[in-house]
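Chemist: Sharing a structure with you now.
The values are calculated or read from the model by the stated rules, or taken from the named source; none is laboratory data. For clarity, every value in this text was computed on a predicted model and none was experimentally measured. Ideal geometry is used to build each Cβ from the backbone, glycine not excepted, and the neighbour counts take in all protein chains shown.
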Amino acid sequence: MLIPIIGALIGILIGLNLPFEIPVSLVKYTAIAILAALDAILGGIRAQLGQKFLFSKFISSFFANTALAALLCYLGDMMGVDIYIGAVAAFSIRLFQNLSLIREELFDRFWIWRSGRREKDM
Amino acid sequence: MRIKVRSWQWGIGLIAALLGLLIVLQLRTEFKIRAKLPTRQVNELAQILKNQQMRLTKYESEISTLRRQLNDYDRDREILRLKMAAGLTPLEGPGIRITLSDSEKKLKEYEDPVFYIVHYDQLELLVNELWAAGAEAIAVNNYRLGSTTGFSCAGTTILVDTRRLAPPYIIEAIGDPANLKNALLMPGGFVEQQILSFNLKFIIETVDRLRIPAYKGSISFDHATAAKEEGGN
């Protein structure tokens, strides 16, 4: 659990110190990419909690989601279709689904752990 | 088992770093935008900005092309043309030479000699005829006529600007020789009526290569200043 946090911190530090910024006209697409990446990470956490985690799947979903989401939004803009909105909706729904599943799983684990401890105490 | 777990955890760490980087970059840009603009129009404004930047680069390339054209434009040639028009440069070219002088006819007692000498207005009208026939440059007795040149009469001599002329008056004009000659010799024209009829000596020769000197008078504008062109077409 420590390694992802350290990694995130390193990333944030690098991001804060980079001399360049995302061009204003591209901000829209990177926002979607970030949403996709978050979705991939939450999906990974959920899979790990369910003991179904596959590293290759996680990596491919992370990069493919991110790149495809940004690319599709760009294409949509070129064609005058607001795929942007669709992507936001889809990823948000998945994000909340994953979040709720993770919360449920953690809750269950907590209860199991607590009841186990109580049994020990008794 | 433990080593296997480690290896993919490094991968997750890397991805977490990537995500952190992306989010921070995004937030930096986003905050910067928000500091200046209302959020709702950001995307439209971004689009406008992109378009304007594209147009800017287009215009910049256009400017550089035009600048190059301007440099290519031969300024010296324009100056030379204006100098030629103003009479400030000697010219040469084909044209005609007219020799005009007083009548050599022996006058009878009753004849008034006034009619048989060259008057300044005859000279002036002759020059006018030449201009009208398309002469590009005219000199009288080797004195180039400028844009402000006028003929006048001072007692018994003819003045062109302030310079005295003495007969024979040699008028040289650059232009199409045939045109000039025909215009002068037109039946019933000025020459026939005003010059030949008084038996003045009048000779026209065609010259292949005339040389006309530059205007030697002063050019000064004490009263006139350049004004803006009106209308403009």
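This table checks each residue for (1) outside any helix (DSSP H, G or I); (2) in the same structural domain as B:Val207 (by TED's automatic domain parsing).
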position: B:Leu56; (1), (2): no, no
position: B:Glu60; (1), (2): no, no
position: B:Leu88; (1), (2): yes, yes
position: B:Glu104; (1), (2): yes, yes
position: B:Tyr110; (1), (2): yes, yes
position: B:Gln122; (1), (2): no, yes
position: B:Asn128; (1), (2): no, yes
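Chemist: Return yes or no: is A:Ser56 part of a helix (DSSP H, G or I), at the interface with chain B (Cβ under 10 Å from one of its Cβ atoms) and among the hydroxyl-bearing types (Ser, Thr, Tyr)?
Modeler: yes
Chemist: Here's something else I'd like to know. Select, from B:Val114, B:Val24, the only residue that is more than 14 Å from every other protein chain (Cβ to nearest Cβ), more than 37 Å from the chain's Cα centre (by Cα) and assigned to a helix (DSSP H, G or I).
Modeler: Checking each option against the conditions leaves just B:Val114.
Chemist: Residues to consider are A:Ala90, A:Ala36; find the one that is more than 14 Å from every other protein chain (Cβ to nearest Cβ) and closer than 23 Å to B:Glu30 by Cα.
Modeler: A:Ala90
Chemist: Taking A:Ser25 and the conditions (1) within 15 Å of the chain's Cα centre (by Cα); (2) small (Gly, Ala, Ser); (3) within 11 Å of chain B (Cβ to nearest Cβ), which numbered condition does it fall short on, given that it satisfies the others?
Modeler: For A:Ser25, the exception is condition (1).
Chemist: Continuing with this model, one more query. Would you point out the residue of segment A:28-53, among those that are part of a helix (DSSP H, G or I) and more than 13 Å from the chain's Cα centre (by Cα), that is surrounded by the most Cβ atoms within 10 Å (Cβ to Cβ)?
Modeler: Going through the qualifying residues, I end up with A:Thr30.
Chemist: So for segment A:4-18 (the condition being within 14 Å of chain B (Cβ to nearest Cβ) and not in a helix (DSSP H, G or I)), does at least one residue qualify?
Modeler: Checked against the condition, which is being within 14 Å of chain B (Cβ to nearest Cβ) and not in a helix (DSSP H, G or I), segment A:4-18 yields at least one hit.
Chemist: Does at least one position in segment B:110-127 carry a residue that is in contact with a Gly (Cβ under 7 Å, 6 or more places away or on another chain) and among the acidic types (Asp, Glu)?
Modeler: No, because not a single residue in segment B:110-127 is in contact with a Gly (Cβ under 7 Å, 6 or more places away or on another chain) and among the acidic types (Asp, Glu).
Chemist: For segment B:179-232, name all the residues that are more than 24 Å from B:Ala86 (Cβ to Cβ), modelled with pLDDT under 85 and of a type in the set (S, T, N, Q).
Modeler: Hits for segment B:179-232 are B:Gln193, B:Gln194, B:Ser197, B:Asn199.
Chemist: Given the residues B:Gly95, B:Gly134, B:Gly155, which is the only one that is of a type in the set (Gly, Ala, Ser) and exposed (fewer than 12 other Cβ atoms within 10 Å of the Cβ)?
Modeler: The conditions single out B:Gly155.
Per-residue answers, yes or no, for (1) surrounded by 11 or more Cβ atoms within 10 Å (Cβ to Cβ); (2) free of Cβ contacts under 8 Å to residues at least 24 places away in the same chain:
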residue	(1), (2)
B:Thr162	no, no
B:Ala173	yes, no
B:Gly188	no, yes
B:Glu192	yes, yes
B:Ile195	yes, no
B:Lys201	yes, no
B:Asp208	no, no
B:Ala214	yes, no
B:Thr225	no, yes
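Chemist: Next question. Among the residues that make up segment A:104-122, is at least one of them at positive phi and exposed (fewer than 11 other Cβ atoms within 10 Å of the Cβ)?
Modeler: no
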